[in-house]
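Read through the structure below, which is laid out as C-alpha cells, and then see the notes.
The values are calculated or read from the model by the stated rules, or taken from the named source; none is laboratory data. Since we're looking at a predicted model, the values are computed, not measured. Cβ placement follows ideal geometry from the backbone for every residue including glycine, while neighbour counts extend to all protein chains displayed. Heavy atoms of the whole protein, side chains included, go into the accessibility calculation; ligands, DNA and RNA do not. Shrake-Rupley method; radii C 1.70, N 1.55, O 1.52, S 1.80 Å.
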Amino acid sequence: MEEQKAPEAPPAAPAKGKGMWIGIVVVAIVVIILLAAVLGGLFGTPEEQTLKVGTVLSITGGLAAFGMKNRWGVIMAIDEINAAGGVLGRPVEMFHQNDDTKADTARSVATTLVSQNRVDAIIGATGSGQCSTVIEVAKANRVFEISGSCTSPKFSNETLTGGWWARTAPSDALQGVVAASFARTNLSHQRAGVFGINNAYGVALANVFADNFARFGGTITAGSPRIITDVQGGETDYTTDLIAVLNVDPAPQIVYVVAYPPDGVLLIKDWERGRQTRSAWNNTVWLFSEGVFDQTGFLDALSGAPNSFNISAYQGTAPSAFGGLTGPDYDDWAADYQTRWTTAPGLFDDNNYDAAYLVALAAEKAGTATGTAIKDNIQSVANPPGTKIFPGEWAKALTELAAGREIDYEGASGSVNIDDLGDPSSGYIVWG
C-alpha cells in the first residue's frame, strides 16, 4: 500500500494591500512632482500658454470711419506673429467685438470677451468714452487693456486704471497744448471758441484746449467751451450751438472742434448754410481735433458733391505719424498694409498694430500668457535698453528673448516708449 504524504502548505500570501500601497505611493509622488512643476511654472496650463487677444473697436457708429481699419492693423500684426512662430510656440487666438461707438455696448462686449473667450488682453476701444467702460471690465478681471486711439487725459491715472492699461497714441493732455499753442502763437489769434462732443474725449480735450489757450495769453470767448450732443446721440442740427459760440461780442477769431466725422460734417454744413445770412460768420477760422481727421468721412464728404465746400483753409491736430515723425520702418509697414488691405493706412491703424505687437512681446518675455504677465512686462519690451525690434521682426524677437536679452520695440507709429501711467512718449502735429 502506497505511503500517503501530507499535502504541502500553500505559500504564504503577501501582506494584505502591500502591492496596492506601493502603487499608491508611487502615483502620489508623481502627482506631487507634477503639481510642483506646474505651480513652479515648469509646464504651465495650456490656457496660460495660449495668448488670447480680443478687440473692442467701433465698426459702426460715430467712429466707424476708423474702427475697421484699426482692426485690420491688429489682424496684420497677429497674422505676422503667428506666421513666424506664434507666442510661446502657439498661435495667438483673436476674438473681435464691435462697440457701435457706445460706452454701454463696449462694456457689454468686453464682458463677453472676458467671460466667454477668456482673453488675456483687450485692444481698444476706438473712442475714450468706450475705453472708460472697457477698463472697468479689464481691471476687475485682471485683463490688460491697451488702446491705439483712446486719447483722453483721464486715463493718465493709476487710481482709475490700476495699472491694467496702456496706450500707443499720445494723450490729449498733449494734443490740447499743441492746438492751443498753434492757435495762439503760430496763428496769433487772441480769441477762441470751443466745441466738444459730450463724452470723455470731447469734454476733456475741449477743456485742455481752453485752459492752455488762456495760459498762452488768449481769451476763451463767452459760451465756450460749448458741449454738444453728437450725431449718434440724436443731434440733427447745430445751428443753435453755432449761434451760442459765434454770436457773442467779442466774437472768436478761431474755433477748435473736438468731435467725430459725422459731427464735424453736420457742424460745417450748418455753418455754411448759416453764414449765407450771417456775414460775421464768414470770418470764422476752423481748427479740428484728430477725431474728425478722416479723408473719406470728413474732408471728402464736405468737399465732394453735393456739398462742394471750400475746405482749403481747414487745419487740425493729429498724431505725429501724419507729419512724417514715424518709426524708421513706417514706409515699409505702410506698403505692407496697402498690399494686404488694398487701401492706405489711416488714423491710428499703425498704433493698433503696435498695440498688438506689444501685448505679444510682453507675454513671450514673461513665459506665460496671462493679463498679469502682460501688465508686468509691457514696459520692459516697449522701452530701452535692449535690442531694437521693428515691425515684422517677430522671429528676431524670439531669438533675442530666448537668449535672455532685453528688447526694445520700435513701432510703426514711433518709439511707443511707455511710462508708468501707460502713456507713450510720442507727439502731435498740425495738418492743413
(request) Might you tell me the accessible area per residue for the range 124-252, computed with a 1.4 Å probe and given in Å²? (result) 34
(request) Between residue 395 and residue 157, with labels modelled 7 Å along Cα→Cβ, what's the label distance in nm to one decimal, could you check? (result) 4.7
(request) Towards the positive end of the charge dipole of the range 212-320, with charges on Cβ (+1 Lys, Arg; -1 Asp, Glu), say which of 244, 306, 317 has the farthest Cα. (result) 244
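If a/c stays under 1.5 just call it rounded; otherwise compare a/b with b/c (prolate if a/b is bigger, oblate if not). Do that for the range 255-388, with a ≥ b ≥ c from the square roots of the Cα gyration tensor eigenvalues.
In terms of gyration-tensor shape, prolate.
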(message) Let's test the formula: R0 of 25 Å, r as the Cβ-Cβ distance of residue 340 and residue 90. What FRET efficiency results, to the nearest 0.05?
(response) 0.60
(message) Amide H of residue 59 versus every other amide H placed in the peptide plane: which residues, excluding those fewer than 5 positions away on the same chain, fall under 5 Å?
(response) 99, 100, 101
(message) Skipping prolines and chain starts, which residues have an amide H placed within reach, meaning under 5 Å, of the one on residue 429, given they are 5 or more residues away or on another chain?
(response) 318, 320
(message) Which one, 321, 363, 335, has the greatest fluctuation when you compute a Gaussian network model over the chain with C-alpha springs under 10 angstrom?
(response) 335
(request) Order these peptides, 325-332, 300-307, 417-424, by their mean beta-carbon neighbour count within 10 angstrom, highest first. (result) 417-424, 325-332, 300-307
(request) Hey, can you grab everything whose amide H is under 5 Å from the amide H of residue 389? Only 5+ residues off in sequence or another chain; H modelled, so Pro and N-termini drop out. (result) 408, 409, 410
(message) Need the full-extension length gain, residue 332 to residue 248, defined as separation in residues times 0.36 nm minus the C-alpha distance. One decimal, nm.
(response) 25.3 nm
(message) How large a share of the accessible area of the chain, in percent, is made up of carbon and sulfur atoms when the probe is 1.4 Å and the other protein chains stay in place?
(response) 54
(message) Just to be sure I understand: with springs between alpha-carbon atoms less than 10 Å apart, which residue in 233, 54, 392 has the highest mean-square fluctuation in the Gaussian network model of the chain?
(response) 233
(request) Note down the Stokes-Einstein diffusion coefficient of the range 218-284 in µm²/s, whole number, using a Kirkwood radius over alpha carbon pairs, 10 °C, and 1.306 mPa s. (result) 129
(message) Take the chain, mark every one of the GluC sites (Glu not before Pro) that falls in a DSSP loop and has at most 15 other Cβ within 10 Å, then report the longest stretch left between them, sites excluded.
(response) 9-405
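Taking the Cα centre of the range 177-319 as origin and charging only Cβ (+1 Lys, Arg; -1 Asp, Glu), how large is the dipole, in debye to the nearest 20?
Values: 8 positive and 12 negative charges, 96 e Å.
Dipole of the range 177-319, to the nearest 20 debye: 460 debye.
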(request) Could you give the size of the charge dipole of the range 333-432 about its Cα centre, using +1 on the Cβ of each K and R and -1 on the Cβ of each D and E, expressed in debye and rounded to the nearest 20? (result) 220
(message) Show me, for the range 406-421, the HN-Hα J-couplings you get by feeding each phi into the Karplus relation (A = 6.51, B = -1.76, C = 1.60, θ = phi - 60°), rounded to Hz, glycine and proline as x.
(response) 6, 10, 9, 6, 10, x, 5, 7, x, 6, 6, 5, 10, 8, 5, 8
(message) How much of the DSSP bridge set in the chain is antiparallel, in percent, rounded to the nearest 5?
(response) 15
(message) Using alpha carbons only, how many angstrom separate the centre of the range 286-309 from the centre of the range 64-101?
(response) 29
(request) Find how much the distance from residue 431 to residue 325 grows on full extension, using 0.36 nm per residue of separation minus their present alpha carbon separation; answer in nm with one decimal. (result) 36.9 nm
(request) Work out from phi, with θ = phi - 60° and the Karplus expression 6.51 cos²θ - 1.76 cosθ + 1.60, the ³J(HN,Hα) of each residue of the range 228-235, listed in order in whole Hz, and give x for Gly and Pro. (result) 10, 6, 7, 4, 5, x, x, 6
(request) Mind putting a number on the dipole of the range 199-266 about its Cα centre? Charges go on the C-beta only, +1 for Lys and Arg and -1 for Asp and Glu, and I need it in Debye to the nearest 20. (result) 240
(message) Using the Karplus curve 6.51 cos²θ - 1.76 cosθ + 1.60 with θ = phi - 60°, what ³J(HN,Hα) values do you get for each residue of the range 357-366, in whole Hz, with x for Gly and Pro?
(response) 5, 5, 4, 5, 5, 5, 5, 5, 5, 5
(message) For a quick check, take a GNM of the chain with Cα springs below 10 Å and name the residue from 240, 55, 372 with the largest mean-square fluctuation.
(response) 240
(request) Give me the Kirkwood hydrodynamic radius of the chain, using the inverse of the mean 1/r over all pairs of distinct Cα atoms, in Å to one decimal. (result) 23.7
(message) Between residue 211 and residue 420, how high is the FRET efficiency from 1/(1 + (r/R0)^6) when r is the Cβ-Cβ distance and R₀ = 25 Å? Nearest 0.05.
(response) 0.55
(message) How much length would be gained if the chain were fully extended between residue 79 and residue 285, taking 0.36 nm per residue of separation minus their Cα-Cα distance, in nm to one decimal?
(response) 69.7 nm
(message) Checking the table 139/365; 52/365; 365/388; 139/375 against a 19 Å threshold on Cα-Cα, which pairs fail?
(response) 139/365
(request) Could you work out how far the C-alpha centroid of the range 237-254 sits from that of the range 344-417, in angstrom? (result) 46
